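Computed from the coordinates by the stated procedures, all read-outs in this text should not be read as laboratory data. Just so you know, these numbers come straight off a predicted model, no measurement behind them. Please note: Cβ atoms are built from the backbone with ideal geometry, for glycine as well, and neighbour counts cover all protein chains shown.
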Amino acid sequence: MEIRRTRYNEPAAVRLNDLVQMEYVERYGDGDATPMAADNFDPPHGLYLVAYDADGQPVASGGWRAQDASDEGHEDGDAEIKRMFVVKEARGRGLARAILAELEASAAAAGRTRMVLETGSRQPEAIALYESCGYAPVKKFGYYRHEELSICMGKSLVAVPQP
């Protein structure tokens, strides 16, 4: 497996985003309507990653974007995870955990103090992953903060000393 930094609007990222949107439709009846733009994930205010298998096929993705107190319920210093996804055929191999670790490290290195995410109650696998990585419930934020099925989680980030 190889994890590469990319832009949110690159073909592999778009393909994976289309697949995760289809999964949201299966689970919730509709895709995620959260407004996002490719430049939301441009360093140093974000990062987008795509993991490729040994055959060079994109199989997983995830990104973070900087958010602050003025952004729909966020706190200053937040890094919001978006589009964490692993194709069904590649699940159970630790890809999501590897991407999450890289996202957390890069957000901390960029000076972000808390990693947050919004998921839904119909995604128990995602909830279990985040809980096992130290995430806990936080005050709801973002586009779906008033939705009953929305679950928001967060984790403090440890500052990474710069050489």
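P(r) tail, the chain: Cα-Cα pairs separated by more than 29 Å, 11% of all pairs.
Each peptide in 60-67, 96-103, 37-44 gets a packing score, the mean of other Cβ atoms within 10 Å over its residues, and the list from highest to lowest is 60-67, 96-103, 37-44.
Using Cα pairs closer than 8 Å and at least 6 residues apart in sequence, work out the relative contact order for the range 2-156, in percent. Across the range 2-156, relative contact order equals 20 percent.
In the chain, which whole DSSP H runs stretch at least 15 Å along their own axis (Cα) and average 1.0 or higher on the Kyte-Doolittle scale?
On the way: long enough: 11-28 (25 Å, -0.28); 95-109 (21 Å, 1.08).
Helices meeting the span and hydropathy rule in the chain are 95-109.
In this structure, the amide hydrogen of G120, modeled 1.01 Å from its nitrogen in the peptide plane, lies closer than 5 angstrom to those of I151, counting only residues at least 5 positions away or on a different chain.
Between rounded, prolate and oblate, where does the range 103-163 land on the alpha carbon gyration tensor, with a ≥ b ≥ c its root eigenvalues, rounded for a/c under 1.5, else prolate if a/b exceeds b/c? Verdict is prolate for the range 103-163.
Here are some pairs, K82/K155; K82/K139; K88/K140; which of them have Cα atoms lying more than 23 Å apart in this structure? Intermediate results must be reported in sequence, preceding the final value.
Working: K82/K155 15 Å; K82/K139 17 Å; K88/K140 28 Å.
Checking Cα-Cα distances, K88/K140 exceed 23 Å.
Report the full-extension gain for the segment D76 to A109: residue separation times 0.36 nm, less the Cα-Cα distance, to one decimal in nm.
On the way: separation 33, 0.36 × 33 = 11.88 nm, distance 1.57 nm.
Full-extension gain reported as 10.3 nm.
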